[in-house]
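In what follows, a single structure is set out as structure tokens and then discussed.
The values are calculated or read from the model by the stated rules, or taken from the named source; none is laboratory data. This structure is a prediction, so every number in the text was calculated from the model and none was measured. Reconstructed Cβ throughout: ideal geometry from the backbone, glycine too, with neighbour counts over all protein chains shown. What goes into the accessible areas is simple: the full protein's heavy atoms, side chains included, and nothing from ligands, DNA or RNA. Shrake-Rupley method; radii C 1.70, N 1.55, O 1.52, S 1.80 Å.
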Amino acid sequence: MNQWELTLTLAAMGLCLVGALVCLALSERAAARVLAVTGCSAAALSLVAAAGVLAGGASGDRILWSLPVLGPLAVGTTPLGALFACVASLVYVPTSLYTTRYMEHYEREYSVRAFSCWYCVLLAAGIGLFICRDVMSFFILWETVAIASAALVAYEWRHLRNARAAFVMLAMSEAGTVAAMLALLLARSGSESLRFGLPAPALTTPLAWSIFLLSFFGFGVKAGLLPVNSWLPRAYPIAPGNVSALLSGAIVNLGVYGIVLVNMELVPVRFASEGVVVLIVGASSALIGILYATIEDDLKAMLAYSSIENLGIALTALGVAFVFVAEHQPLFAAIGFAAGIYHMANHSAYKALLFLGAATIDVKLGSRSMNRLGGAIRVLPVTAALFLVGALSIAAIPPFNGFASEWLTFQALLRSVELAPLGLREVFALCGAALALTAALAVTCFVKAFGMTFLGTMRTVQPTVSEASATMKLGMALLALECVLLGILPTYVLAAIDHGGAAIFGLGTVNQALVPPFFEPNARPNPLPSDFVATFHALGAQIGAGLPGRGLVVMLRGGAANPVVFAMSTTYFTLILAVLLGLVYGIVRFVTRGRRVLRVPPWTGGLQPLLAEMTYTATGFSNPVRVIFDAIFNPTEVENERETIHEHFRSAIRRKREDVFLADRAVSAPLASAVRSAASLLARMHHGRLAAYVAYTLGTLLVALAIVTLT
Amino acid sequence: MTTLTDVLQGLRSNWLAVAWSLEQDSIAASIPAECLSDVVTYLHAHEWRLGTVVATDRGTSLEVRYAFYAGRYPGWAQLVVAADPVARVLPSITPVLIAADWFEREIEDLFSIRFTQHPRLGDFVLHDNQWAENNGLMRPNVRSSADMEEQRRAWRPRRVLKEEGAFVMPIGPIYSADAESALFLLETVGEDVVRAIPRLFYKYRAIEKLAEGRSVRDVLLLAERCSGTSAIGNGLAYCHAVERALLIDVPPRAAALRAFFAELERIRHHVTSVREICASTSLAVAASQALWLEEQLLRICGAVAEHRYFFGVLDIGGLMHDYDPAALEVAADGAGALSGRIRILRDALQNSSSFLDRIEQIGIVDEHAARTFELVGPFARASGVSADMRSIQPYGAYASVAFAVPTEAEGDGYARLRILFAEIAQSLQIVRTLLRELPAGPVRTEPTMRAGFGLGWTEAPRGASIQWVQVGEEGTILRYRLTPPSFRNWHGFHVATEGFAFQDFPIVLATLDLSVAENDR
Amino acid sequence: MNWFVRGLLAGIRTEAEPGGKDTPPSISPGLPRTTLHASPEAAIDIAAVCPTGAIVAHDALASVVQDLCVHCMRCKPSDPGAAGGQEWRHDVRFAHGPEGGEAEPLDRRFTRSLHVRIVDAGDCGSCLNELAQLNGPSYNLHRFGIFITPTPRQADVLLVVGPVTRQMRGPLKAAYDAMPDPKRVVAVGACAAGGGIFGPSLMCAGGAADAVPVDLVVPGCPPPPFAIVHALRAVCGARPLDPSGNLG
């Protein structure tokens, strides 16, 4: 069994740790350089290793280290881990590259060395987590990730808001960790060791449900799922831009990894209702996330809410997979799994890109509020173009990557016709409707994000601002390239996911469901009817057959109940689009040749001049959404005052509304007040009388003895 | 119930130092600037309304004349306040009488008189982004356009809404398909408009300045064309003012015929307003039918007066010429024949719930606001203020014609529509009555020129038109002051537009029935 | 009853363009025309009656500058047969090109599709009201393929009413600049034609030509709707200008 991939991953981790130490020893500016080099090379090593695993299969587990109390720490590469490592590395490389010059504006006020150190530690843990093969090592690295990311979020610690956000993040993360750890321990409760690679023990129904709920909501904290995501909209906006990109592009995925690891690999789901929980939580996270994103005017906060939305979509697809697993339909389960992982990977690419774009805007223009930005395309044309790629991707506009995975997600939901229970079908239909609304709102949201930030009149933008530095642009460009490639080559991506899911579904299930062997005409045995093959050949669907993938069309066939074929190919779409656009451009050029083009200022109804304050603001643009969904936002009116001079001259109308995030309102705030009142009850015990304290001690001792005696 | 004499007694006893005089039904006095606010407060408390404010600058002297009229009985009061022609400062009465707000802003812009304690001066008639401060267009030393100092300056709308993401949505000055030029500044955070402020006077033609030095007959052309859609309404008020100044008695036949044309004009104007309301709600069939009715009325007017808008009907001292009784009958019959169709249109509109949904509960002006801002015409009557110059300060033939003033209480778009229909029906009746009792005799008294000044008023289709003239020895106009109804009603525009949905804007605007030309002069 | 049914039941109310020389005053007020008076004194008297100087006496001949006529009706005899007044033309073909001559119409592509942007540059309201009638059933401008558009970006014709006030001059020029080529400017009404009774003066220009190049002038105060229809049909080349009554 080949183990070079494992060695390589361990080497990447080691490199990061060395980098962390080196950073501490160097000057501020050099630290950022070291960070970039370390980050890029470590992530590249990890990427190579992960690719190797996906191509060559898993290694066996190896005991790295045996600790006296915690037991042996096992490591080993798995295809599933490699798939996630691949996605993470694709974010780490460009983000590290971007960081080279990005940290310069912090140098005066905060320590870049400390930042670089924590960054390297985060990277090391983030890479290493995917090769952990037992509960203990998993949680050591999991905690490292949690602490390192909290430290990075709190980087600008002089602002009270940042420190508090990091605290909330850490607190919720710890609570999630406890739940997840409990779930993992329960999952291994019948086994002789805490290693992952052992067969699943037989579990009672309550135990199975406990494992599912604890792991889903425990890991869900990291994945930003409703209702345990209060920390996310607080932490993302205030973290440094590159950290937001890392958190949103790579760290949230750890939550998904945990959920998949426990519920698909270690203890496969047994009940369709478990899948329904995932579906409902996923779909409502998606809808609520995008609603808050749409009305948000802070660029980074908007992206944060949008992360909730995207992870919600991915989880909805995984929910489909869970349901089909429980219903023993592995083929459709594979579609759901592929859609979920695909969407998660896409989200990593475009969200990291958008966060880096937002960070560039923040640094260059000094504001993240879309109400104050505007017209930025004139000073940041490259950033604008790259941000546009991200916006188009996230809005699921073909041929960019968001489209492929959202298409698959909807297709997976439509497979509900293969389910017998009516209730399940209804849940699928409702979730499908919620996702459809989500998709529409996402378009609104990112039209607003791009339009309000880059287009229109310059509200406060200084025309003297210069474009971002080369490494920053390169970092974003790499991510934009990923967005395009993930979008136009879905069959290759699905092949990778197929390998990653091999341990769960068996090698080839995803491909069989989505990229049928039909596109390899020589495949034997070919399960498709020959006339079917002939029809599709006539349509030219085999064109990609000679390529190293399995053709360029994603196709899924309905089951016996629904003998329909759904197919799409963003690859062909891109080619045709390019040809058509070129043709249109050529025709227009030909028809209008020799014609004078008149450039005149926009028609403003004769108003001269049109001031920037007379153009739509971001708040105004999304206000219809706010009005329509008022019942969900349920804003509190903090201020509504009318001031007048001499009774009739209105001098000011002051209005202010505050939107409290639904998760805060529904879960965190009641929980906090419950804890506070419980604490105040307990506080009554602390009245300072020595006799009472002695009595408490004795009482506790008696109870403990009683328990010991009885068991 | 107080009367004119009671008020005069009160004025005399409160301000002993002032020489109060009463001539016919008009109180006049020169009062010192410092007791102006108190006198205004006193008159306001007795339900007297501000008619007009006239500033006159003769270079060496500067005076401002405040004309008030009683709200429930015939009676006028003219208070003259002298100002120092160098310092050019007067106390503002706006804090005690909000209705004086725009008058003072206009005078500040045109005469460079500063009103202390007025909170909103500047950018009014002369736009700040085009003109230098203190151009004082109406001052005698400004004679030609070369005397006006143009200066490109920064101008920003006054913003009141303080909310995250608030912005000003500009509409105009050139907007819609065939709307008059005016700029509207809508303060909003999207969807709901919190407040809308008009920026008018893009069409300012300086009619009052143009009138100076012209003959009284030529200025009549300006009065008629101040607002072409109410030529009789404004032209007649000018004739009344000149006739008072020249001490002319108008023959009874002329007075009756003037009222006849004024009522025909009112009918036509109100049908136009109904048409605009229908068009604003995109009710195309109703708008087309109202357009057709309007065209028929224009043709009736054209057939009887040879001009579709009654230009060239009026003359100082009476009418340009007499009219054939048969032609008048034909006109009255024609209008009467259309009244059936107008009723059908009214009933159809009142039975269209989709139409009513769009005009009910929009642009609401309650009675208190209508009284405080002293709104006039159908606008005020829809808010429960029974202000109609024909009945409270009767003139010409109206003293002998009995009619009730229709009012509505709601003050919303629908109430204003109902008022329009009620007044159309009522005007048709007045037309009939006038023709039935049409006196014989001449239609014009030849005026003899003399120096003097006079105040004239009418109830124009949009409300009270109040004008003041000062005539020189040779019959030239020395000062012409034109206070058309739209100038008063635009002042209440922001009251009707505090808080509405953006898509209702054209409907609110149409139901308010405001003319930009009439305001801009 | 449904509005749609109501509309159908009303039937067709659209009228043909009056071609003759005896259009009644209900449709058009007409315009004064050059008149040979009994004596030079009579001509001088009638010229003195005109407040805008539209009537110019040359011996016994009193010629009329129709652009300046503001329909004060003072030169019109109250009784058509009476002597002493100016003769009047009773048609609707008021429109004429610059300097009283022909205007160059737009090319054939516009004959059935003409878009007009109206700009109110200080109008009293009567010209605008007559323009509003054009969309009514009686005149039905759409039948000629002529449309009133809210944006100058799509307009072929700029229709100016009002004397062009100082504060509307900038917006008017902006609207003209915003129009694509080829474009024409039609000045409608006495004010836009020559300033009317308002201009040139302190706050008014002497008509649209002072701000934008005018291609066609429609005199009248206000010109009747059919005169405007005639002008718009002429500007898009759908019919010859034929200013029949200009001097006659």
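The table for this structure:
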quantity	calculated
Per-residue SASA entry for residue A:573, accessible area with 1.4 Å probe, Å² rounded to 10	80
Residue-normalised accessible area of the range B:62-111, given per residue in Å² at a 1.4 Å probe	23
Point-to-point label distance, residue A:202-residue A:440, nm (Cα→Cβ direction, 7 Å offset)	5.1
Cα-Cα separations in chain B greater than 34 Å, expressed as whole percent	36
P(r) histogram, all alpha-carbon pairs of the protein assembly as shown included - 10 Å bins from 0, percent	1, 7, 13, 16, 14, 11, 10, 10, 8, 6, 3, 1, 0, 0, 0
Accessible area buried, both sides summed, chains B and C with 1.4 Å probe, Å²	5300
Prolate/oblate/rounded call for the range A:664-710, Cα gyration tensor, a/c under 1.5 rounded	oblate
Exposure rank, largest accessible area first [C:76, A:448; 1.4 Å]	C:76, A:448
Chain A - Debye-derived log10 I(q)/I(0), Cα point model, q = 0.12 Å⁻¹	-1.41
Fully extended contour minus Cα-Cα distance, from residue B:217 to residue B:367, at 0.36 nm per residue	50.0 nm
Percent accessible area from carbon and sulfur atoms, the range C:98-235, protein chains only, probe 1.4 Å	50
17 Å reach of a label modelled at residue A:649, 7 Å along Cα-to-Cβ, counting backbone N of the range B:338-382	B:373
Dimensionless Rg ratio for the range B:139-217, taking C-alpha atoms and the 2.2 N^0.38 Å reference	1.56
Accessible area of the range A:664-710 belonging to carbon and sulfur atoms, whole % at 1.4 Å probe	78
Distance between modelled label sites at residue A:669 and residue C:104, nm, 7 Å Cα→Cβ extension	7.1
Helix-only CD estimate at 222 nm, as mean residue ellipticity for chain A, using -39500 (n - 2.57) per DSSP H run (n ≥ 4)	-21500 deg cm²/dmol
Loop-located trypsin sites (Lys or Arg not before Pro) in the range B:1-98 whose Cβ has at most 15 other Cβ within 10 Å (DSSP)	B:58, B:72
Residue list for the range B:264-302, given a label point 7 angstrom along the Cα-to-Cβ vector of residue B:333 and an amide N cut-off under 13 Å	none
Surface/4 of the Cα convex hull for the range A:1-154, nm²	8.8
Ranked order, A:141, A:213 - accessible area, probe 1.4 Å, largest first	A:213, A:141
Kirkwood hydrodynamic radius of the range B:89-189, from inverse mean 1/r over distinct Cα pairs, in Å	15.7
Average projected area [Cα convex hull, the range C:98-235], square nanometres	7.3
Chain B, accessible surface, carbon-and-sulfur percent (1.4 angstrom probe)	50
The range A:73-120: C-alpha gyration tensor shape, a/c 1.5 cut-off, then a/b vs b/c	oblate
Sites residue C:181 and residue B:399, calculated FRET efficiency, Cβ-Cβ separation with R0 60 Å, nearest 0.05	0.45
Gain on full stretching of the segment that runs from residue A:695 to residue A:596 - 0.36 nm per residue minus C-alpha separation	26.0 nm
Spherically averaged projected area in nm², based on the convex hull that wraps the Cα atoms of the range C:31-89	3.3
Heavy-atom accessible area per residue - the range A:397-439, 1.4 Å, Å²	36
R0 of 22 Å, Cβ-Cβ distance residue C:153-residue C:113: FRET efficiency to nearest 0.05	0.90
Peptide-level mean, for B:206-212, of C-beta atoms on other protein chains within 10 Å	3
Extent along principal axes [Cα atoms of the range A:18-106; Å; largest to smallest]	45, 35, 15
Accessible area that becomes buried as B packs against A, both chains, 1.4 Å probe, Å², nearest 100	3000
Backbone N under 14 Å from the residue B:494 label point (7 Å along Cα→Cβ), restricted to the range B:87-101	B:95, B:98-101
The range A:343-410 - Rg over Rh from alpha carbon coordinates, Kirkwood radius	1.05
Pairwise burial C:A, computed as accessible area of each alone minus the pair, summed, 1.4 Å, Å²	700
Relative contact order for the range A:12-119, counting Cα pairs under 8 Å that sit 6 or more residues apart, in percent	40
Selected from B:144, B:97, B:422, residue furthest toward positive end of dipole (chain B; charges at beta carbon)	B:144
Test item: B:285-297 mean partner chain Cβ contacts at 10 Å	5
Tensor-based shape of the range B:309-423 (alpha-carbon gyration tensor, a/c under 1.5 rounded, otherwise prolate or oblate)	oblate
Mean separation of Cα contacts under 8 Å (6+ apart) over length of the range A:190-293, as relative contact order %	33
Listed residue (B:213, B:170, B:132) projecting farthest to the positive dipole end of the range B:110-237, Cβ model	B:213
Efficiency of FRET between residue A:657 and residue A:677 - r from beta-carbon atoms, R0 25 angstrom, step 0.05	0.30
Total charge dipole magnitude, chain B, about the Cα centre, Cβ charges on Lys, Arg, Asp, Glu only, Debye to nearest 20	440
Solvent-accessible heavy-atom area per residue, rounded to whole Å², over the range A:664-710 at 1.4 Å	82
3J(HN,Hα) from dihedral phi, the range A:696-711, Karplus parametrisation 6.51/-1.76/1.60, rounded to Hz, x for glycine, proline	4, 4, 4, x, 4, 4, 4, 4, 4, 4, 4, 4, 4, 5, 6, 8
DSSP-loop chymotrypsin sites (Phe, Trp or Tyr not before Pro) across the range B:447-494, with at most 12 other Cβ within 10 angstrom	none
Estimated [θ] at 222 nm from DSSP helical runs (n ≥ 4, -39500 (n - 2.57)) normalised by residues in chain B, nearest 500	-12500 deg cm²/dmol
Fraction in percent of alpha-carbon pairs per bin - 10 Å, the range B:173-277	12, 29, 30, 18, 8, 2
Peptide B:153-166 - average C-beta neighbours from other chains (10 Å radius)	5
Positions from the range C:37-60 whose accessible area shrinks by 20 Å² or more when the full protein complex is built, not the chain alone, probe 1.4 Å	C:51
Rg and Dmax of the range B:4-147, Cα atoms only, in Å	16.1, 51
